[in-house]
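The structure appears below as structure tokens.
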């Protein structure tokens, strides 16, 4: 029995990144031997074990042979004769196919260290094409390591494109698509994830609503970058600067989906794109089965972001109406998320990246003004029932008027 450290732990050591978890591969062992040494078997599709003390994962060396469509159609061989190199050969990228023995020596049969030095994400073998999930994984790794200068190797991007054209990504389940996307949204450059998917054609298959934005023009005065798809990726970049919250990043990315359906005769203007965005956001979120909190924030941003941009121009009654429609008084945390999304949208334009966004602070203060109005004040005056809400509404508008005047 031989045990090797493999995968991400070895890769991140070589990249001088913190190692968050360690995975091990065991060569020359059987299931019975692992169990006899106190390991707990947890793998369903192939034997994976938890160490009796560290609880780290130990997997028997294995090979995989394609036996069907998609990412589940594989025949697994975990026999004791499988070598370390055979196990490493089934991995996705060369940088993930490096092992380390108990003496600290590296085993690198596919030149992963050279690709680390040269900043390439390169597939190990043609077997890469057997698993469509790897298209998403490569895009996610590109998002993770873009700040270090990593790019997808040309031949790997070509292979990914071939897989997409062959219909392999059509077999990915919504759950797997969302899991990889959600993880990508937490990386340093999530915009790169969507760019790589677009480069290989997978964006059109999996996120058609986003893909449709590219090539759609906007008014150059307000959007010097012109291209709507480019604007959405720029907005996502700004969201990353403003927040680590993946909900904010996702909602910012898809806030303008309706611009893809703007009638050609009114381009480059996008009158009414907010309303047209809502069914597209609904359809996308339902198809990839993202959690409700992601969908709800995305819908709020799509519907009301232009009102936020115009906040300083709104009358007091319209400001209160916006706060109520955003459910700010019951969900202040989501209201704050909304404001950050709108700021990211405003800054996600060429030349606007560092511009102040006073609208957000104005609405934050407007919210603080409104929450000073309490129902008990009117109960004490003998007011009851629905008239309490009416009285609170009137006073909030009055206080908002005074607040707006104080800013002049």
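Quick one: grab the alpha carbon gyration tensor of region 273-332, order the square roots of its eigenvalues as a ≥ b ≥ c, and give me rounded if a/c is under 1.5, else prolate or oblate depending on whether a/b is larger than b/c.
Here region 273-332 falls in the oblate category.
Using only the Cα atoms of region 34-183, construct the convex hull and provide its projected area averaged over every direction, in square nanometres to one decimal.
So the Cα hull casts an average projection of 10.3 nm².
So how tilted is helix 386-407 from the main axis of the chain? Cα-based, degrees 0 to 90, rounded to 10.
Taking the Cα atoms of the chain, the angle to 386-407 is about 90 degrees.
To check you understand DSSP bridge types, tell me what percent of the beta bridges within the chain (both residues inside) are antiparallel, rounded to 5.
75 percent
In what order do 176, 62, 394 fall by count of nearby beta-carbon atoms within 10 Å, going from fewest to most?
Listing 176, 62, 394 from fewest to most nearby Cβ atoms yields 394, 176, 62.
For each of 42, 25, count neighbouring Cβ atoms within 10 Å of the residue's Cβ, then give the residues from fewest to most.
Final ranking by Cβ density, sparse to dense: 42, 25.
Under 1.5 on a/c is rounded, so check that first for region 280-408, then, if it is not, pick prolate when a/b is larger than b/c and oblate when it is not; a ≥ b ≥ c are the square roots of the alpha carbon gyration tensor eigenvalues.
The shape class here is oblate.
Starting from the eigenvalues of the Cα gyration tensor, five times each then square-rooted, give me the equivalent ellipsoid semi-axes of region 1-119, largest first, whole Å.
Each semi-axis is the square root of five times an eigenvalue, giving 23, 19, 13 Å.
Starting from the Cα gyration tensor of region 234-315, take the square roots of the eigenvalues, sort them a ≥ b ≥ c, and report rounded, prolate or oblate (rounded when a/c is under 1.5, otherwise prolate if a/b is larger than b/c, else oblate).
In terms of gyration-tensor shape, oblate.
Can you sort 162, 94 so the residue with the fewest Cβ neighbours within 10 Å comes first?
Going from sparsest to densest Cβ surroundings: 162, 94.
Determine the calculated [θ] at 222 nm for the chain from helices alone, applying -39500 (n - 2.57) to every DSSP H run no shorter than 4 residues and normalising by the residue count; nearest 500 deg cm²/dmol.
Per the formula, -15000 deg cm²/dmol.
I'd like the orientation of helix 273-288 relative to the chain: the angle between its Cα long axis and the longest Cα principal axis, in ° from 0 to 90, rounded to 10.
In the chain, helix 273-288 runs at an angle near 30 degrees to the longest axis.
With an 8 Å Cα cut-off and a minimum separation of 6 or more residues, compute the relative contact order for region 1-119 in percent.
Result for region 1-119 is 25 percent.
How many Å³ per residue does the convex hull of the Cα positions in the chain occupy?
Normalising the Cα hull of the chain by residue number yields 189 Å³.
For region 336-358 and region 226-281, what is the separation of their Cα centres, given in Å?
Centre-to-centre (Cα) distance: 13 Å.
Under the definition of Cα pairs under 8 Å and six or more residues apart, what whole-number percent is the relative contact order of the chain?
Here the relative contact order equals 10 percent.
Computed from the coordinates by the stated procedures, all read-outs in this text should not be read as laboratory data. Since we're looking at a predicted model, the values are computed, not measured. For neighbour counting, all protein chains shown are included, and Cβ atoms are generated from backbone atoms with ideal geometry for every residue, glycine included.
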